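> Got a structure for you, questions after.
Nothing in this text is a laboratory measurement; each read-out follows from the coordinates by a stated rule. In this text, all values refer to a predicted model and were calculated from it rather than measured experimentally. As a convention, Cβ positions derive from the backbone with ideal geometry for all residues, glycine included, and neighbour counts pool all protein chains shown.
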Amino acid sequence: MATLATLKGLGRELRHNRVALGGFAITSFVLVAIVIGPSFSPYDPTLMDFTAILQPPSWAHPFGTNSFGIDVLTRVLYGARNSFMISFAGVSLGAIVGTLIGMTSAYMGKLFDAVAMRLVDLLFAFPIFVLALMLMLILGFGVQNVIVAIALVYIPNFARMARNTTMVVKSEPYVQAAQVMGQPRLRIMVREILPNIAAPLFVQFTVGLAFAIIIEAGLSFIGLGVQPPTPSLGVMMADGKDYFHRGPWVLTLTGLALMFAILGLNLLGDGLRDLLDPRLRRRSAA
Amino acid sequence: MSDVTLTLRNLSTGFKMGGRVMNVVREVDLEVRKGEMLGLIGESGSGKTVTGMSILRLLPENAVTEADTLDFLGIDLLKLSTEQFREMRGTRLAMVFQDPVGAFNPAKKISWHLKQVFERAGTKSPAHAERAKNWRASAIKLLADVGIPHGANVMRQYPHQLSGGMLQRTLIALVLVFEPELIVADEPTTNLDNIVERQILRLFRDLQKRLDCAFLYVTHDMTIAAVLCDRIAVMYAGSIVEIGPTKQIFADPKHPYTQGLLASALALDTKTERLQEIPGELPSPGKLPPGCLFEPRCKFAKPECRAKEPAMVDVGGERHVRCVLYGHG
Amino acid sequence: MWEESATSAAFCMAMVEKAAQVDKNTPLLSVRELLVRFKLGDGLAAALSRGPSYLKAVDEVSFDVGRGEVLGLVGESGSGKTTIGKAILRLYEPQSGSIVVNGVDITRMGDRALKHYRRDLQMVFQDPLSSLNPRHTVRTSLRTPLLLHKICPSSEVEQRIDEALTRAGLSPVFKPRYPHELSGGQLQRVAIARALTMSPGLVVADEPVSKLDVSVRAQILNLFKDLQAKFGISIIFITHDLRVARYLCHRIGVMYFGKLVEIASVEELFTAPKHPYTKALLGTLGAEGENLDGAQVAGEAFNPAADTTGCRYYARCPMRVDHCKTAHPPTETIKPGHDIACYEWRRS
């Protein structure tokens, strides 16, 4: 109920924030395209057609065809859907685990906090992509492991953010009131603290999703992630680079589609950050 | 009326909120005279602080201030450019804030702050230039004036090493360097403890006797106003509802709101069995009641009170009340 | 109408029964030599210097609160009065000393065992807006304790919420509202209603009117007075305003930098104060101009980080003698119910 009211308020404010509105529009467009787009396409994303190899963009094939004669737009839609789902699963997992660690760390303090946060620091010390790469080498290739790698990359981010915000919220009188009332710790964390730290985590999620798509594309591009013929943006770009001089549209248009989706998510994340940050937001109720 | 330092006529201030202007100060008429301490009394949201800030142009960018007259010793403050106004603020018009900590640079010693101010004041007149030259001696004397006997020691310290009371005294000293003609003090004792509060109030009273400047003292506390102010203006929901000499207002409050405020302020001074309440709550600036703003809480409310906001009525003896009980103006 | 008075009568009966269960003579709350300290300068800088230093926010304070008694704790900011209140509710862990409620020592009790005693000890906070979860409606905030402690069958929850609000002087129409939609006075009424749903024996009220508007303060003070008289609750009323304490309290304890320097009944404290600090505080009362000159307190306040020996009030005290520098004076009972910590009280 509380979240519903917040979302309604957010919708009202979204209209006044052009960045967020633009991001919202692009992201919605991308989501609609990858969810219902493939079912409108007359082509199959994996069926080869050697009569139509590397055709430039035309009315029949708006993004052209690739070296196996498959419609690039269809593959982009399917590929983007896969990339999105993998990233979403990865960031969700990272968000859930990270938030749990962060909140527990802040709420329990002492030894748990010290150990958990040093581990988080350790993960933070690696550049994100190198970390993902290393994890893939340890975990092995494949979709599931891409998800786990993305999750592991994002756990420190969410853990740190959840810990910091929990630290602030936990000294609020309403949390003390819940303690005085005798509410168990777990309940206080879920019912009193979580709803009040959800907003920044949500922003982090949106921005994280954008970067996770890049990680997924990157891993698949170098052959560590999704394996062909399953379409994914990274796999397609890897294909496209091999015959870039003969069919530049494959790599270029796939890359532009990727850029478009990420731009949308980043704009949305930035806009939401402004909307949800009480310091940047003009308070309607003083 | 050459002794009037500041004249406000029909001052209104609002804030732009999502495309519309929400007025928090409406049609305020005030004058502050030379050598006088005028108390501006009101609760939170009554517009008392915004009134003070409007005079000194210290409001955020989304604020809109309008007035027929905003006259300071013959200078039309509305016509001054931002540059000209900044030149006057701090030198001729000064402000003492609720929180003195924010007024100091935490990385610099007290002496640095005093030196800066003396040097800036040095350009004002030859006498000031003379003082700027011997700024250290002048500073110690000034600190002694505001009740800091060991000025030399204090000057060696950083702001965070001083207590709230000492810091507020130091801030007052800084303000006094320029010998401003108008000092606006906004709840300068609210963050201080009882005993220190009394000391600062005593300092204000001494200053008012000694200096020949005009004071606008903004507070929510009637008992402070009783001790300090020559005249009181009571604000409610953005309007002045009563104005007059302190003694008369305390002896015979006219407006029902003033009566309630005084009763609840003074009730605690004696051992009582039950406090007198003003029922209800302050209206929010978004949804003001029609007619008299105090009508929903007023025990004398009549149907006509809802019709339109009453005008200020002159009830004699320099007293004005915005209430239909005393006629229609 | 009939139902309402019947249920509130039942509520009163429950309170009376509960009070009767334990021996009338033992105090409801008894605090002995309570010490709460906070670490100053945590982290690397402290580790590199000479280890963490501590601030004794509450320094060996003892007092009792009787059944149906209102005890005022008065002091300036930083005197430790809020810390005492929160330590009693186990929001801060005391370093040493004991907190005994109804004869049971809860000082070191674990969360699970403590839950049964939580109902008995409630708190009303200074800032009403932040004491209610901004994401919960008034209904949710009031329903939580009812369900948590299984105070009534779930079919009666709505009715109980209405009663609680009505008792605190609010209409049940506020139930679906969020905290930011309410004014300060209304929020404080919700917070009071929430505390009372658990029929506590003791309520710690931490400056509950200092953030409210002047015209609303009297309403809330009167509400405290009415509810206390009606239900016979014990209250620890924390305030910096002696006049508020006089209005509501039976006894008043005066705090100065972590020490309880004087405690006595209201009449005694106001007519025959003994501690020089109490006298200075009393000197600040009154609206008349001459009182401005009454409170002459010389010198700077006690510096808790630097000064460790001697009477805390030494630097400001007009009656100080050399002896006062040796140690903080022990608490002595000069009359039944009147304790003081001062070497030189006889001179006053």
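> If R0 is 30 Å, what FRET efficiency do you get for B:T123 and B:D68 from their C-beta distance, rounded to 0.05?
Once rounded, the FRET efficiency stands at 0.35.
> Rank the residues C:H149, B:H220 as a footprinting-exposure proxy: fewest other Cβ atoms within 10 Å of their Cβ go first.
By the 10 Å Cβ count, ascending: C:H149, B:H220.
> Pairs of alpha-carbon atoms within less than 8 angstrom and 6+ residues apart define the contacts here; what relative contact order does chain B have, in percent?
20
> Give the relative contact order (percent, whole number) for segment A:107-179; include only Cα pairs under 8 Å separated by 6+ residues.
37
> Assuming 0.36 nm per residue, please report the length gained on full extension of the stretch B:K271 to B:K302 beyond their Cα-Cα distance.
Contour length minus Cα-Cα distance gives 7.8 nm.
> Shifting gears a bit: Just tell me how shielded B:281-294 is by partners: mean number of partner chain Cβ atoms within 10 Å of each residue's Cβ, no decimals.
2
> Let me ask you something else. Just tell me which aspartates and glutamates come within less than 18 Å, Cα to Cα, of C:K225; anything on the same chain fewer than 8 places away is out.
Straight-line reach from C:K225, under 18 Å: B:D269, B:E273, B:E277, C:E69, C:D206, C:E207, C:D241, C:E267.
> How far apart, in nanometres, would the label points at A:M48 and C:R177 be if each is projected 7 angstrom from Cα along the Cα-to-Cβ direction?
So the label points at A:M48 and C:R177 sit 7.2 nm apart.
> Further question: Just to verify a number: FRET efficiency for A:T252 and A:V130, C-beta to C-beta distance, R0 = 35 Å, to 0.05? The partial results should precede the final answer.
Values: r = 27 Å, r/R0 = 0.78.
After rounding to 0.05, the efficiency reads 0.80.
> Also, quick follow-up: Tell me which chymotrypsin sites (Phe, Trp or Tyr not before Pro) from segment B:274-329 have a DSSP coil assignment and no more than 16 other beta carbons within 10 Å of their own.
B:F300
> Can you tell me the length gained on complete extension of the stretch C:S98 to C:K230, counting 0.36 nm per residue apart and subtracting the Cα distance? Don't skip to the answer; put the middle values down first.
Working: separation 132, 0.36 × 132 = 47.52 nm, distance 3.01 nm.
Net length gain for the segment: 44.5 nm.
> Compute the FRET efficiency between A:D121 and B:D76 as 1/(1 + (r/R0)^6), taking r as their Cβ-Cβ distance and R0 = 45 Å, and round to the nearest 0.05.
After rounding to 0.05, the efficiency reads 0.15.
> Using Cα atoms only, what is the angle between the long axis of helix A:2-14 and the major principal axis of chain A, expressed in degrees (0 to 90) to the nearest 10?
The two axes meet at around 60 degrees.
> Report the gain in length on full extension from C:H323 to C:T26: 0.36 nm times residue separation, minus Cα-Cα distance, nm rounded to one decimal.
103.2 nm
> Would you tell me the mean number of C-beta atoms belonging to other protein chains that fall within 10 Å of each C-beta in A:168-174, as a whole number?
Details: counts 0, 1, 0, 2, 7, 14, 13.
Per residue, the average neighbour count from other chains is 5.
> Could you tell me the distance between the Cα centroids of segment A:130-144 and segment A:206-248, to the nearest Å?
Answer, in whole Å: 15.
> Using DSSP, restrict attention to beta bridges with both residues in the protein assembly as shown and report what percent are antiparallel, rounded to the nearest 5.
Numbers: 59 of 96 bridges.
That works out to approximately 60 percent antiparallel.
> Over the whole of C:125-138, what's the average partner chain Cβ count within 10 Å per residue? Rounded to a whole number, please.
Working: counts 6, 1, 3, 1, 2, 7, 6, 4, 13, 6, 12, 7, 3, 0.
Per residue, the average neighbour count from other chains is 5.
> Taking square-rooted eigenvalues a ≥ b ≥ c of the alpha carbon gyration tensor, is segment B:77-141 rounded, prolate or oblate, where a/c under 1.5 means rounded and, failing that, a/b exceeding b/c means prolate?
Cα axes put segment B:77-141 in the oblate bin.
> Moving on. When DSSP assigns beta bridges and you keep just the ones with both residues in segment C:158-264, what percent turn out antiparallel, to the nearest 5?
Close to 50 percent.
> Separation between the C:S62 and C:K39 pseudo-spin-labels, each 7 Å from Cα along Cα→Cβ, expressed in nm?
3.1
> From Cα pairs below 8 angstrom and at least 6 apart in sequence, can you work out the relative contact order of segment B:103-177, rounded to a whole percent? If you can, show how the numbers build up before the last one.
Numbers: 77 pairs, mean separation 28.8, N = 75.
Result for segment B:103-177 is 38 percent.
> Among the listed pairs C:K86/C:K259; B:K34/B:K124; B:K48/B:K302, which have their C-alpha atoms separated by more than 18 angstrom in this model? Could you put the intermediate results ahead of the total?
On the way: C:K86/C:K259 16 Å; B:K34/B:K124 20 Å; B:K48/B:K302 27 Å.
Beyond 18 Å: B:K34/B:K124; B:K48/B:K302.
> Can you tell me the 0 to 90 degree angle between the C-alpha axis of helix A:128-139 and the longest principal axis of chain A, rounded to 10?
So the inclination is approximately 80 degrees.
> Turning to a different aspect of this structure: Which lysines does A:K110 reach when only Cα atoms under 17 Å apart count, and residues fewer than 8 places away in its own chain are ignored?
Straight-line reach from A:K110, under 17 Å: A:K170, C:K39.
> What nm distance separates the two modelled labels at B:M22 and B:Q161, each placed 7 Å from Cα along Cα→Cβ?
4.5
> Quick check on chain A: helices-only [θ] at 222 nm, where DSSP H runs of length 4 and up contribute -39,500 (n - 2.57) each and the sum goes over total residues. Nearest 500, please.
The helix-only estimate for chain A comes to -24500 deg cm²/dmol at 222 nm.
> Moving to a separate point now. Which of the lysines could be linked to B:K308 by a straight reach, that is with a Cα gap under 21 Å, when you skip same-chain ones fewer than 8 residues away?
B:K254, B:K287, B:K299
> Within segment B:230-310, which GluC sites (Glu not before Pro) sit in a loop by DSSP and count at most 13 neighbouring Cβ atoms inside 10 Å?
B:E273
> Please compute the net charge surrounding A:I222, taking Lys and Arg as +1 and Asp and Glu as -1 over other residues with Cβ under 15 Å from its Cβ.
-2
> I need C:S79, C:S155, C:S210 ordered by Cβ neighbour count within 10 Å, fewest first. Intermediate values should be presented prior to the final figure.
Numbers: C:S79 27, C:S155 7, C:S210 14.
Ascending number of Cβ neighbours within 10 Å: C:S155, C:S210, C:S79.
> Under the rule of -39500 (n - 2.57) per DSSP H run of 4 or more residues, summed and divided by the residues of chain B, what mean residue ellipticity at 222 nm is obtained, to the nearest 500 deg cm²/dmol?
-9500 deg cm²/dmol
> Let me ask something else. Using Cβ contacts closer than 10 Å as the measure, can you line up B:I278, A:I215 from fewest to most?
Lowest to highest Cβ neighbour count: B:I278, A:I215.
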